[in-house]
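Take a look at the following structure, please.
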Amino acid sequence: MRTWLAAAVMTCLLSAAAAAQEANYPSKPVTIIVPAAPGGVTDALGRTLAQHFTEAWGQQVIVENKPGANNQIAAEYVTKAAPDGYTLFIGPEVTFVVNPSLYAKLPYDPVKGFTPISGLVTINHVLILNPALPVNNVKELIALAKEKPNELNYGTFGIGSSGHLNMELFQALSGAKFQAVHYKGATPALTDVMAGHIQLMFISVGSAVPQWKADKVKLIAVGAAKRMALLPEVPTVAESGLPGYEAISWFGLFGPPGMPADIVAKINAEVRKTFADPDIKKNFLERQYFESIAGTPEQLAKYIKSDEPKWRKVIHDAKVKGE
């Protein structure tokens, strides 16, 4: 009887301690895991959130970069972490909707292995060309590619990257055929488009616009569902002859599986405040051509559910295999 009573008391004390910890969250430093090297888009998102969270909570929030294996290293680390809210993950869509089809086996479960917290941003990709290519719109590009199948080279930032799969989808819908040239990152591919070593690529709008404004590339279409407010003169790929085409990346904030609802709600509220801040909107989101998708955990989960079948088909039809 005494053993049972002691166990019951201990259970109550542990429950009370856990509840107090949740109420006082965060009571120690929080780490945001970024699955990319410092300096890129994902890193910028992580550091923006870390700075805002630190100021709001009065508790240090740090960024830890864990690049490699198409986000698998970072994702595996997070999915095995304690679900107490002190390890968070900036998750690009590739982690959840591309990798499951790209690799025969993953070290994490893309659905059950994480707690969705909030969407962060979407990034539209644009189709850019070397200025010497004698086309000025999507229809002319498709016509030239059909006239010269596999003679035009496009750059990617790795097998299975958004730059690769966006073009595979473009080829599938248009019937045009291009030759892939795989790079280790977007920057060297962009450099070769400007130099004329390759002719075209899909790349994030924020990376393309400075080169377009400097007349170093042609920017002929954006992969958004509708024209961007910041680039109203640039048509979408869909309105240029490929209805339904979209080339959009998204990022979300996740935690390990089993996070307490109260902590999820607190972090979610802070994400929304961050992206509603006028200074963040003007000097970060708009400057990077990001579009906020801060919302509920359920909305983030829907992104995964709706996107996965689309990219599974593209990867399967194009016979793309991860390295």
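The values are calculated or read from the model by the stated rules, or taken from the named source; none is laboratory data. None of the values given here were measured: they were computed from a predicted structure. Cβ atoms come from the backbone with ideal geometry, glycine included; neighbour counts cover every protein chain shown. The accessibility values were calculated without ligands, DNA or RNA, using every heavy atom of the protein model including side chains. Shrake-Rupley method; radii C 1.70, N 1.55, O 1.52, S 1.80 Å.
Under a Cβ-Cβ cut-off of 15 Å, what is the net charge of the residues other than residue 202 that fall near it, where Lys and Arg count +1 and Asp and Glu count -1?
Details: positive: 218; negative: 93, 168, 192, 246.
Surrounding charge for residue 202 is -3.
Based on the alpha-carbon gyration tensor of the range 51-118, what equivalent-ellipsoid semi-axes (square roots of 5 times the eigenvalues) come out, in whole Å, largest first?
Equivalent-ellipsoid dimensions as semi-axes: 25, 12, 11 Å.
Can you tell me the relative contact order of the range 194-285? Whole percent, Cα pairs under 8 Å, sequence separation 6 or more.
In percent, rounded to a whole number, it is 15.
Related question: How many Å² of accessible area per residue for the range 113-194, probe 1.4 Å?
37 Å²
I'd like to check one number: the per residue accessible area of the range 17-104, probe 1.4 Å, reported in Å² as a whole number. The partial results should precede the final answer.
Details: 3400 Å² over 88 residues.
Heavy-atom SASA per residue in the range 17-104 reads 39 Å².
Excluding residue 34 itself, what net charge comes from residues whose Cβ is under 12 Å from its Cβ, given Lys and Arg +1 and Asp and Glu -1?
0
Right, next: What does the net charge come to around residue 92 if you take all other residues with beta carbon closer than 12 Å to its beta carbon, with K and R at +1 and D and E at -1?
Counting the neighbours of residue 92, the net charge comes to -3.
So, for the range 250-292, what is the accessible surface per residue at a probe of 1.4 Å, expressed in square angstrom? Walk me through the numbers on the way to the answer.
On the way: 1990 Å² over 43 residues.
Averaged over the residues of the range 250-292, the accessible area is 46 Å².
Report residue 159's accessible area, 1.4 Å probe, all protein chains in place, as a number in Å² to the nearest 10.
Surface open to solvent at residue 159 totals about 50 Å².
Which value, in debye to the nearest 20, describes the size of the charge dipole of the chain about its Cα centre when Lys and Arg Cβ atoms bear +1, Asp and Glu Cβ atoms bear -1, and nothing else is charged?
320 debye
Moving to a separate point now. What three numbers, in Å, describe the spread of the alpha carbons of the range 184-323 along their principal axes, ordered from the longest?
The Cα atoms of the range 184-323 stretch 53, 41, 31 Å along the principal axes, largest first.
While we're here: What's the extension gain from residue 319 to residue 147 if we count 0.36 nm per residue and subtract their Cα-Cα distance?
Details: separation 172, 0.36 × 172 = 61.92 nm, distance 2.41 nm.
Full extension from residue 319 to residue 147 adds 59.5 nm.
Let me ask something else about it. For the chain, what is the largest minus smallest coordinate of the Cα atoms on each principal axis, given in angstrom and ordered from greatest to least?
That gives 86, 43, 30 Å along the principal axes, largest extent first.
Normalised by the residues of the chain, what does the relative contact order come to in percent, with Cα pairs under 8 Å and at least six apart?
25 percent
While we're looking at this one, here's another question. Just to confirm the filter: which chymotrypsin sites (Phe, Trp or Tyr not before Pro) across the range 97-129 are DSSP coil and have at most 16 other Cβ within 10 angstrom of their Cβ?
103
My understanding is that a pair violates if its Cα-Cα distance is over 26 Å; which of 184/216; 80/302; 177/319; 66/184; 139/310; 105/146 do that in this structure?
105/146
On the accessible surface of the range 204-323, probed at 1.4 Å, how many percent belong to carbon and sulfur atoms?
Details: 3220 of 6160 Å².
The C+S portion of the solvent-accessible surface of the range 204-323 is 52 percent.
Would you calculate a helix-derived [θ] at 222 nm for the chain, using -39,500 (n - 2.57) for each DSSP H run of n ≥ 4 and dividing by the full residue count, to the nearest 500?
-13000 deg cm²/dmol
Continuing with the same structure: For the range 144-255, how big is Rg over Rh, using alpha carbon atoms and the Kirkwood form of Rh?
0.95
Moving on to the next point. Subtracting the Cα-Cα distance from 0.36 nm times the residue separation, let me have the gained length for residue 283 to residue 299 in nm, one decimal.
3.2 nm
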